[in-house]
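K.L.:
Let me begin by handing over the structure; questions about it come next.
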Amino acid sequence: MMEESQQQGQADDHQAVVLVCFGGFSNTGYLTALGAMEAIRRVGLRSAGIACLAGIPAGSSSITERVRNAKRVITVDGCATGCARKIADAAGLAVTKSITLATDLNITKVPFRQHLDAKDPMDLIPAEQVTRVADAIVAAIKDADSTKSA
């Protein structure tokens, strides 16, 4: 009976999983999270979900298995350091699409330490950039021709 409920859970899981490097030290870090949340809002939870990136190197077998079982795995990084992609690669996860905001979307990384007097970091994040990031993630989620490859 337990095996049947586990199989049911897998069948009812997200079709795509988004792995987001959400660093709060810069605009691109915020944008990865905001864009991913907006993308999920647009496509719905059946189509995609955001996995706990930290759970993968922390050894969470349930998170890693759910990512492995997804039809599409998308990594979203703010900068060229590529933390989300590196974590996925180190765990042996088959990434369908990697998006790096600084290079793929030409969004300049601005460290928040340059704006320490700002009361609200959201004032430093243009809505147009959130839309661009969300658009790129939605396109990766909906890419019907995607196969799991690097």
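K.L.:
Please go through region 60-84 and give me each residue that is over 15 Å from Val20 (Cα atoms) and in a loop (DSSP other than H, G, I, E, B), ordered by number.
P.N.:
Across region 60-84, the qualifying residues are Ser60, Ala70, Lys71.
K.L.:
Quick one: would you say Ala140 is part of a loop (DSSP other than H, G, I, E, B), in contact (Cβ under 8 Å) with a residue 40 or more places away in the chain and of a type outside the set (Val, Ile, Thr)?
P.N.:
No; evaluated as a whole, the condition is false for this residue.
K.L.:
Counting only residues that are assigned to a loop (DSSP other than H, G, I, E, B) and touching a Lys or Arg at 6+ places or on another chain (Cβ under 9 Å), which one in region 43-59 is nearest to Thr131 (Cα to Cα)? Before you say what the answer is, go through the steps one by one.
P.N.:
So in region 43-59, the residues assigned to a loop (DSSP other than H, G, I, E, B) come out as 44-47, 51-52, 56-59.
Filter once more, so that each one left must be touching a Lys or Arg at 6+ places or on another chain (Cβ under 9 Å): 47, 51.
Values: Ser47: 19, Ala51: 21 Å.
Only one residue tops the list, namely Ser47.
K.L.:
Scan region 88-113 for residues that are part of a loop (DSSP other than H, G, I, E, B), of a type in the set (A, V, I, L, M, F, W, C) and under 19 Å from Lys71 (Cβ atoms) and report the count.
P.N.:
4
One line per residue, one yes/no per condition, for (1) crowded, with 18+ Cβ neighbours inside 10 Å; (2) modelled with pLDDT of 95 or more; (3) of a type outside the set (A, V, I, L, M, F, W, C):
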site	(1), (2), (3)
Ala33	yes, yes, no
Arg41	no, yes, yes
Ala51	yes, yes, no
Gly78	yes, yes, yes
Arg85	yes, yes, yes
Ala94	no, yes, no
Pro111	no, no, yes
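The values are calculated or read from the model by the stated rules, or taken from the named source; none is laboratory data. Source: prediction; values computed, not measured. Neighbour counts are summed over all protein chains in view; Cβ atoms, including those assigned to glycine, are modelled from backbone coordinates with ideal geometry.
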